[in-house]
Structures are given as C-alpha cells and as structure tokens.
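Written out below as structure tokens is the structure these notes cover.
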Amino acid sequence: GVIAHEFSHILNGDMRLNIRLIGILHGILVLALAGRMILYSGNRRSRNKDQAGLLALGIGLLVIGYLGRFFGNLIKAAVSRQREYLADASAVQFTRNADGIAGALKRIGGYETGSIVENPESEELSHAFFSQGVKFMLGGLFATHPDLEDRIQRIEPRWSGEFLNETVPESQGEEDGQEQVMGFASKGIKVDPEVVVSQVGNPDAGHLLLARRLIGSIPNKFRDAANEPYSARALVYLMLLDEDEDVRKIQLDHLRDTADLFVFDSLEALLDDRSDLRREMRLPILELSMPTLRQLTYQQYQLFMANIKVLIEADKRISLSEWCLQKYLSKHLNEVYENAHGEPKYGNIGRLKAHCAVLLSMLAYCDRKSTVAPVDAFSMGSKELGLPITLLEKSQLNFGKLNAAVNALADLHPLKKPKLLKACIRTIAADGLISVAEAELVRTIADSLDCPIPPISA
C-alpha cells in the first residue's frame, strides 16, 4: 500500500511539483533574507538620507518576502493535501486492496509520536513526507497532509476509529511455533502439500508472525554480528568451518593469512559460540547479513568470495548446505558488484525441460529419510509442471548441473515461475514432511528465481 502510494506521486508528477514548490518558496524567502541583510548593514552605518532609502528598501523586501512565504506555504499545504488524497485513492486502485494503505495509516496513528520528524529543517520538505511530519502553530491551516482519521475514513468508510497498536508481543507462541517454521524445524514439519502450494506468492499476517519468531530465535550475538561489515563476514566464515578438526585447521590457517585482520579477530571471538549456530539458522542469518555485506568495497567483496570458495573446497567436496550458502551470496552480491541482473529470455518452460529434470531430480533425492521413493516424489513434481521429463540417476547429478539449471530457469518469464515453484514444493512435500535440507534448498532456489517464498508452517 505504501509503495503504491509513493508510485502514485511519481506517476502523477507530484515529485516534480514538490521540487518546484521548494524552489519557488525558497526564491520568495530569498527576498526576505536580502531585506534582512540590507537592514543589518544599514544599522551598522551612520544614518543619513541615503541610508534611510536603503533601510526602506530592506524593510520592503523583508515584508514582501515573509508575506509571500506565508501565502506560498498556504498554497503548498492546500495543494499537498489534495495530492495525498489522490495518492491514497491510487494506492487502492493499483493494489485492488484497501487494507494495505489503510493499515499503514492506522499503524502511524498507533504510535505515540505519530510521524513527526524531529529536525529543524523538516519544514522545507514537509509536503514530501508520507504523513504529517511537522507541527505547525496554526494547525490544519498549514498542514501538508490531511488528518489521519480523514484519510482512513475515505478509504474505509466503516472504520471503527481504532488505530493499530504500535507493538506486537515478541514471545507470544514462540516456543509452540518455533518448530513449525520452515528453516527452523529441527526434525522437519508436517505439511499439507495443497496448503503449501496455495501459500506460494501469497504471504499473510501469519507469515509475518512466523518470521518474527524465526528472527527472535537467533541468538543476540549472531544478530549483532550480522550488522557490522567485519563480523558479518566472520559469521559467514563460521558457518563454513568443517566438523573435522584437521580440515577446520586448514580453513582457519587460510583465513589467518588472507582475511582482513579485523575479520579474523571477529571470527576468533565467535568460535566459542560455534555450537549455538544450528544449520537451520544459516539462511535467516544470511538474509539479515545481506544489507551489511552489500557495503563492502569491491576489493573486499572479491577477497570474501574467494575465501568462501577455499573454505568450501577444503574438504575436497561440496555439501548441499554449502551450495545453498554460496548460491545465495553469489546471487545477491553479484547483483551489486558485477551488475549481474538477468532478463526474461524464455516464455515457454518446455524449452528448459532438461534443466527442470535436473532441478526436480535433485529435490527428489535431497531427503534421504523420506518415506516416499524419489521416483514418486519426482512424479508428483513433474505432473504439476506438465512436462514429459524423467528422473535422472544420482550419478548424473552434481552441483554444477544444478547451478546451471537454476541460472537458466531464472531467465524464465516471471509469469511462468509460479508453476515451477509449485512443482518444486510438490516434490519435497510428497511425503507430507519438509525436512531442514529440503527447506533450505527450495528457499535458495526460490530466491535465485527472484520469487522468495514465505515461511511454511504446518
């Protein structure tokens, strides 16, 4: 709703209008500033006939400038209020849903401080905020935004008048719900494939609560580390340290020689807490770390990715979890540092059926404890996809082929991707149970397709 509101401002030319209003009003204010400078300079000189004329000019400019600014602000406020009504209405039109923009306004009303911006210069841009950002002495006369109650009432005529509370209990149902969140299920979660498929691309309030519980379950030391560029890299390295002591020594020796000094120091500080970093926490922590990792310099990024490759190859093999981590980082960081943005190339998924076979075969084999045979799981996925493909033998699969398949399928037309994701979920949920490995893999694949799926609950 908020994005649609702001999109309306751009589409309707409000951004251009706002910038012009800023320029015009400041231009009028310059007259007052010039008058004040003339008065100041005149007062410092001896008073004579010439100075009297100068002072009169200064007073005139001062009066004209401030009067012009006064009426200019009235016009600005009146124009801005009408544009806000238009943007609210357009948000409903674009999203076909009044709850989004209405909920955002109710949330603002639920905060004790509202949307006021505590900055002495905020008045200059008051008409460009999402909601009323400045308190004016004359109240509604200079208000650049209509009252929240009025805006909500126009969107929801039957609104009860109650705002949304500003806080949501963090621990409510946390222990009961933690085992039911995809990616935090230590033994897997029981699911109904029909329900899971219906949730793809359709997040609701329940998914937001699940995400809140998921983030709240991550130890504070890891959440804090994800917010700093040095410790965020150390946190990723920590995830890749091998269980085998000899392999881990090789990895640490390499990082001691190549990693940035403070990165290795941060890693050493986290080593004692390594046992608290459970596998099911890895993707959520990566998601929290990504805004921080995007702040690296290009040289730091190159070194970081090179070290990740060395850590993964230290034991001469690559695991499913390691592939997921590397794929997630490569997708998001390459977009920033290598300008690697894909474009739709394929409108017919049939042209990529070989890649689909690789993808669904990998998903069918990834849970070794599944009670459903891989061929049956694959059959359910391929039936959803509607393509004449067959299960590949394990010997025909490797992570290189999986990587190539995901990269190719990422270039599908966006409207073809939901069907592919449904086929993936059909495959992993064939036995009615989604394991940690399956959840990790399907989330990584969905993210690589630019179709991130919401948390899956039982």
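The values are calculated or read from the model by the stated rules, or taken from the named source; none is laboratory data. All of these numbers come straight from a predicted model, not from anything done at the bench. All Cβ positions, even for glycine, are placed from backbone atoms using ideal geometry, and neighbour counts span all protein chains on display. Quick note on the areas: whole protein, heavy atoms, side chains included, nothing else; ligands and nucleic acids left out. Shrake-Rupley method; radii C 1.70, N 1.55, O 1.52, S 1.80 Å.
Residues in the range 413-438 that are in a helix (DSSP H, G or I) and over 29 Å from Arg351 (Cβ atoms): Val436, Ala437.
Residue count for the range 397-415 satisfying the condition of being more than 26 Å from the chain's Cα centre (by Cα), farther than 11 Å from Ala354 by Cβ and either loosely packed, with under 12 Cβ neighbours inside 10 Å or among the charged types (D, E, K, R) (or both): 1.
Working only within the range 362-382, note down all residues that are under 28 Å from Leu241 (Cα atoms), outside any helix (DSSP H, G or I) and either in contact with a Gly (Cβ under 7 Å, 6 or more places away or on another chain) or not hydroxyl-bearing (Ser, Thr, Tyr) (or both). Passing the criteria: Cys366, Asp367, Arg368, Lys369.
From the set of residues in the range 144-182 that are polar (S, T, N, Q), modelled with pLDDT under 50 and open to solvent by less than 80 Å² (accessible area, probe 1.4 Å), which is farthest from Tyr111 (Cα to Cα)? Steps first, please.
Applying the first criterion (polar (S, T, N, Q)) to the range 144-182 yields 144, 153, 160, 165, 167, 171-172, 178, 180.
Filter once more, keeping what is modelled with pLDDT under 50: 171-172, 178, 180.
Now drop any that are not open to solvent by less than 80 Å² (accessible area, probe 1.4 Å), which leaves 178, 180.
Details: Gln178: 29, Gln180: 31 Å.
Only one residue tops the list, namely Gln180.
Scanning the range 446-458 finds no residues that are open to solvent by 20 Å² or more (accessible area, probe 1.4 Å) and touching a Gly at 6+ places or on another chain (Cβ under 6 Å). Against the numbered list (1) within 16 Å of Asp447 (Cβ to Cβ); (2) under 14 Å from the mean Cα position of the chain (by Cα), Arg282 comes up short only at (2). The criterion of at least 1 residues that are under 14 Å from Arg274 (Cβ atoms) is met, among helices (runs of 4 or more DSSP H) falling completely within the range 201-246, by 220-225, 229-240.
Among the residues of the range 303-361 satisfying the criterion of being basic (Lys, Arg) and not in a helix (DSSP H, G or I), which is least open to solvent (accessible area, probe 1.4 Å)? Explain how you work it out, then say what you get.
Within the range 303-361, the first condition is being basic (Lys, Arg), and the residues that meet it are 309, 316-317, 327, 331, 345, 351, 353.
From what is left, the residues that are not in a helix (DSSP H, G or I) are 316-317, 345.
Numbers: Lys316: 182, Arg317: 148, Lys345: 133 Å².
My answer is Lys345.
Would you confirm whether or not the range 107-128 contains a residue that is under 26 Å from the mean Cα position of the chain (by Cα), surrounded by fewer than 19 Cβ atoms within 10 Å (Cβ to Cβ) and at pLDDT 85 or above? Yes, because at least one residue in the range 107-128 is under 26 Å from the mean Cα position of the chain (by Cα), surrounded by fewer than 19 Cβ atoms within 10 Å (Cβ to Cβ) and at pLDDT 85 or above. Just one residue in the set Asp88, Asp99 is in contact (Cβ under 8 Å) with a residue 12 or more places away in the chain and open to solvent by less than 40 Å² (accessible area, probe 1.4 Å); that residue is Asp88.
Which residue, of Leu55, Leu31, is at pLDDT 80 or above and out of contact with any Cys (no Cβ under 6 Å at 6 or more places or on another chain)? Talk me through it step by step, then tell me what you get.
Working: Leu55 fails: at pLDDT 80 or above.
Result: Leu31 is the single residue among Leu55, Leu31 that is at pLDDT 80 or above and out of contact with any Cys (no Cβ under 6 Å at 6 or more places or on another chain).
The residue pairs whose first member lies in the range 1-21 and is open to solvent by 60 Å² or more (accessible area, probe 1.4 Å), whose second member is at pLDDT below 90 and not basic (Lys, Arg), and whose beta carbons are closer than 6 Å, counting only pairs six or more residues apart or on different chains, are Val2/Ala104; Met15/His9. Among the candidates Glu440, Glu384, the residue that is under 30 Å from Ile312 (Cβ atoms) and among the acidic types (Asp, Glu) is uniquely Glu440.
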